[in-house]
Amino acid sequence: YFVNFVNDAIERKQNERKNKDLSKNPNVDMLDMLLDAEIEGATADSLKAEHKKITRKEVIGNSTILILAAFETTSTALSSILYLLARH
């Protein structure tokens, strides 16, 4: 599920980047930074140690981890807030 979600987000972001002048919009999010670090069509086996770029699979993996981490952090914060409100 998350892989498809991230793939759709990447496709939308790439279409948005093609249709927009990025110099006019300085707002950059985490997905923009991951896509800037990506090497098109590269695989982990084809990259050499001196390359500082990532593959599409790594972009998807990092994005999925960020989504899950944000969900877990938010749910923990809300649980703590509700507990404290119930107690006091």
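Looking across segment 56-87, the residues that are free of Cβ contacts under 8 Å to residues at least 24 places away in the same chain, over 11 Å from residue 34 (Cβ atoms) and open to solvent by less than 80 Å² (accessible area, probe 1.4 Å) come down to 69, 70, 74, 75, 76, 77, 79, 80. Restricting segment 14-64 to residues that are modelled with pLDDT under 65 and among the polar types (S, T, N, Q) leaves a set whose member that is nearest to residue 2 (Cα to Cα) is 43. The residue pairs whose first member lies in segment 4-16 and is farther than 17 Å from residue 28 by Cβ and free of Cβ contacts under 8 Å to residues at least 60 places away in the same chain, whose second member is hydrophobic (A, V, I, L, M, F, W, C) and surrounded by 12 or more Cβ atoms within 10 Å (Cβ to Cβ), and whose beta carbons are closer than 9 Å, counting only pairs six or more residues apart or on different chains, are 7/60.
Here residue 6 fits the description: surrounded by 12 or more Cβ atoms within 10 Å (Cβ to Cβ), assigned to a helix (DSSP H, G or I), touching a Ser or Thr at 6+ places or on another chain (Cβ under 7 Å) and at pLDDT 85 or above.
The values are calculated or read from the model by the stated rules, or taken from the named source; none is laboratory data. All figures in this text were calculated on a predicted structure; none of them were measured in a lab. Neighbour counts are summed over all protein chains in view; Cβ atoms, including those assigned to glycine, are modelled from backbone coordinates with ideal geometry. Areas reflect the complete protein model, heavy atoms only, side chains present, ligands, DNA and RNA absent. Shrake-Rupley method; radii C 1.70, N 1.55, O 1.52, S 1.80 Å.
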